[in-house]
């Protein structure tokens, strides 16, 4: 029984991999942040030096999809855009925490809360300046 | 009938494997998102979509008097198909001291997360098929009643079983603590044994809440520690705790690299049918965006 199955076992993984890969990034209008989450303030806002730790976390967890400078690969959002940077700290924190699993953005709730806030601190440094636009 | 407990020979291959692991710890780049350190309990965090995780773990069972020491290694290939569906394939084996080494089978598990957002309690549904034999000792879950067996591996490996296992996984992140509980129901499709039940629960927390700015291997943020407890709850034929095995196990995970981690757990047996000690250790390596890389090889969109 096992011998008969063995050659087909890798197929069980490869087939779902092939069909699950998709699509270029498009904004998801249904990914809405609750009001109370939008209003949440960053508890580390007065400690900008912690953004360096946020950069390290960003490099480990976000670069694969969002790119080194947050410019966004095809599937993931450009984090430098005003439509992202215009969101409140609380909204970004909520999105990092919950993810958008149906669109490929994983939840990072496994990271300690303060580390997620550190990532938000760092995201603010990705804001595109006038000269770079 | 009693069997003498043979002493373990200092095995050179094992020593080499340990040295290799330590070497990997020294050369690997630094760290990735923390995963829970549990061996038996599942939390609600699934594999990130498109990522492939390779893991090799082992269960070393220290025997009671009259039993034999066993070493049960297993390998896992875990893939995040979507953000709400993770699949995992296992291959397992077993070596009993003074007896033979045998391949004990394979398992295919799937975990589904029905809810899209984080909630106070996050449910995950788990379904696993096991094509194993009676020599299996990895003890990835403890269900039903346990009977110490003195049978030889050759005899046990000849008895194949096909099992279906379901779990209800409930998990919460309370501030920086993860609290998880699993209820397990297992059905042996090869015999009329009824359903067997089991449980596991765990609590874990990272040792540091804030990430330091520099790269460091030994700093507290790279460690997550906790404790888990697991055991059998009888079966539909005898829904009692008589002759059920239960364990309590401190657990620790150390993220040694950008993609790799090791975890360790000494489980203490709490009942007379439990092994006195189960030593569990594992090494995992994650390949990010593996699915995208495979898709690119076949001409798919990056």
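The values are calculated or read from the model by the stated rules, or taken from the named source; none is laboratory data. For clarity, every value in this text was computed on a predicted model and none was experimentally measured. Quick reminder, even Gly has a Cβ in these numbers, built from the backbone with ideal geometry, and neighbours come from all protein chains shown.
Quick rundown of the values:
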item: All helices (runs of 4 or more DSSP H) inside the range A:49-89 with 2 or more residues being in contact (Cβ under 8 Å) with a residue 24 or more places away in the chain and under 20 Å from residue B:47 (Cβ atoms); result: A:51-61
item: Counted residues, the range B:261-302 - those being touching a strand residue (DSSP E or B) at 6+ places or on another chain (Cβ under 9 Å), crowded, with 21+ Cβ neighbours inside 10 Å and within 14 Å of another protein chain (Cβ to nearest Cβ); result: 3
item: Residue within the range B:258-281 that is at pLDDT 90 or above, over 23 Å from residue B:140 (Cα atoms) and in contact with a helix residue (DSSP H, G or I) (Cβ under 9 Å, 6 or more places away or on another chain) present; result: no
item: Output for the range A:60-76, where each listed residue is crowded, with 19+ Cβ neighbours inside 10 Å, at pLDDT 90 or above and either more than 15 Å from residue A:122 (Cβ to Cβ) or more than 10 Å from the chain's Cα centre (by Cα) (or both); result: none
item: Some residue of the range B:126-139 being part of a strand (DSSP E or B) and over 29 Å from residue B:94 (Cβ atoms); result: no
item: Count of the range A:94-126 residues which are under 18 Å from residue B:122 (Cβ atoms) and either assigned to a helix (DSSP H, G or I) or in contact with a helix residue (DSSP H, G or I) (Cβ under 6 Å, 6 or more places away or on another chain) (or both); result: 12
item: Of the criteria (1) within 14 Å of chain A (Cβ to nearest Cβ); (2) in a strand (DSSP E or B); (3) surrounded by fewer than 18 Cβ atoms within 10 Å (Cβ to Cβ), which one residue B:253 fails; result: (3)
item: Residue satisfying all of: in the range B:79-105; more than 12 Å from chain A (Cβ to nearest Cβ) and not in a strand (DSSP E or B); nearest to residue B:157 (Cα to Cα) among these; result: B:100
